[in-house]
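Here's the structure we're looking at; comments come further down.
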Amino acid sequence: MEKVIFIDINALFPTLFWGNIISLVFLVIFRGKSILSKESQLTKFLVVARLCHAFYYFVASGRDILPDWLSVNMGNTLMLTGFFFEAHAIMRLIKENTKRTDATMRTAFIAFVVTFNVVEAFMPLGGIRITTASVGVVAIMALPVARMLLSRDSGALTRSTAMIYCVFLILLLGRAVYGVQNQNAGILATNVLHSITFITQLLQLIIALPAYSLILKGYADEALLLMATTDRVTGSTNRHAFMDAAGAVYKNCRRYRIPFAVLFIDIDSFKSMNDQYGHRFGDSVLARVAALIDKCLRDSDLSCRYGGDEFVVMLSRSDGPAAELVAKRILDEVRATRFEEHPEFSVTLSIGVAFGETLLDMSFEEAINAADEAMYRAKRAGCDRIEMGAAEQ
């Protein structure tokens, strides 16, 4: 039975070398097509990891003819470097990377690169090499693999990939014990543990590339959807996405006769402010106003940048007094805000509120127009105020 499991480790190294090279090529192509900087940076980590792994298997396959400083010291340093970058890629892939986790993995990497080379200088035994390198890989990869497996945001594909990594790390711990017990053993020794370990690494290489690609594609799709539904200046929902979402809420309100209100908000004297302070400052004003509007709303309310310096809010399950209270809160919040660039500058708003039973018998566009008309009455009355307008058919 054991003879079936035994493989020629040295013959497997070229397969692992070319497997990493092929993965590297696919990742470079994927990175070239990426339109998202975060996704591109993550792919860069994977590219570096695969490059290091490929060179490790290249020098490892020539261990009998290359000097030890190249095949052993440089080779294992490359291997640990590859796993270090792979660990960083995993943490970014599952969105768990922080300064603390980066520092933890960096410390483990540096510690075991130094440890391996020091041990190799004083105890150049094959078994000790196997133990030190195996424990080093486990130390570097344990945190990202655990987070990958246990994260609440991890899907089935991510967890399946993590399980293969777990099996690989457990086998490495077995190899570490084997190295201690057999100090004269070499990496090319033919036994069950070595065979299964390298087969698992080959399996991990085969599965990881498409898994990473699919996970990255999922993130890219989410990012593209966010870009398609978000206003780039303010970070608010854009007009098109708002109309879709608010239209669905409106239909439900109309069907069950649930009261709602619409706020039409316009920044006073925005054009003259742009002329005086510049468009960059104008963009920061828009972003701040959008944030303050969202701060004053409930989770069930909807808002968007409607166009230019205009914002629209839909308040579900709200009558006139409730809508006026929200509008006043927005007005006060914006009026009180100050900007570091121009401390003397203050922002005011004109807000029109449409409410009433007759909104339920209009189209949603007509409800917005009713709020818009109320906003213009606020402008004509001197700005920096709220104008309530019970909708009329």
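The values are calculated or read from the model by the stated rules, or taken from the named source; none is laboratory data. Since we're looking at a predicted model, the values are computed, not measured. Neighbour counts are summed over all protein chains in view; Cβ atoms, including those assigned to glycine, are modelled from backbone coordinates with ideal geometry.
Observations on the model:
- Residue in segment 359-385 that is modelled with the lowest pLDDT, counting only those that are over 15 Å from F242 (Cβ atoms), charged (D, E, K, R) and in contact with a helix residue (DSSP H, G or I) (Cβ under 9 Å, 6 or more places away or on another chain): D361
- Note on segment 325-359: residues that are closer than 19 Å to K379 by Cβ and in a loop (DSSP other than H, G, I, E, B) amount to 3.
- Any hit, segment 209-231, residues being more than 30 Å from S318 (Cα to Cα), in the same structural domain as G356 (by TED's automatic domain parsing) and buried (at least 18 other Cβ atoms within 10 Å of the Cβ): no
- Restricting attention to segment 359-383 and to residues that are of a type outside the set (K, R) and touching an Asp or Glu at 6+ places or on another chain (Cβ under 6 Å), the residue that is surrounded by the fewest Cβ atoms within 10 Å (Cβ to Cβ) turns out to be C383.
- The number of residues in segment 168-212 that are at pLDDT below 75 and not in a helix (DSSP H, G or I) comes to 6.
- Test: residue in segment 342-352 that is over 38 Å from the mean Cα position of the chain (by Cα), under 20 Å from I293 (Cα atoms) and surrounded by fewer than 20 Cβ atoms within 10 Å (Cβ to Cβ): no
- Residue check for R232: within 30 Å of M91 (Cα to Cα) and outside any helix (DSSP H, G or I): yes
- Taking first residues from segment 223-236 that are free of Cβ contacts under 8 Å to residues at least 60 places away in the same chain and under 18 Å from K295 (Cβ atoms) and partners that are among the polar types (S, T, N, Q) and surrounded by 14 or more Cβ atoms within 10 Å (Cβ to Cβ), the Cβ contacts under 9 Å between residues at least 6 apart in sequence or on separate chains come to T230/S236; T230/T237; T230/N238.
- Residue in segment 235-244 that is farther than 28 Å from T158 by Cβ, surrounded by fewer than 16 Cβ atoms within 10 Å (Cβ to Cβ) and among the polar types (S, T, N, Q) present: no
- So A11, is it of a type in the set (G, A, S), out of contact with any strand residue (DSSP E or B) (no Cβ under 8 Å at 6 or more places or on another chain), modelled with pLDDT of 80 or more and part of a helix (DSSP H, G or I): no
- Checklist (1) surrounded by fewer than 20 Cβ atoms within 10 Å (Cβ to Cβ); (2) in contact with a Lys or Arg (Cβ under 8 Å, 6 or more places away or on another chain); (3) closer than 20 Å to N20 by Cβ applied to T197, failing item: (1)
- Residues (over 17 Å from L331 (Cβ atoms) and part of a loop (DSSP other than H, G, I, E, B)) located in segment 360-383: M362, S363
- Only a single item in (1) modelled with pLDDT of 80 or more; (2) under 30 Å from G126 (Cβ atoms); (3) not acidic (D, E) is not met by T230, and it is number (2).
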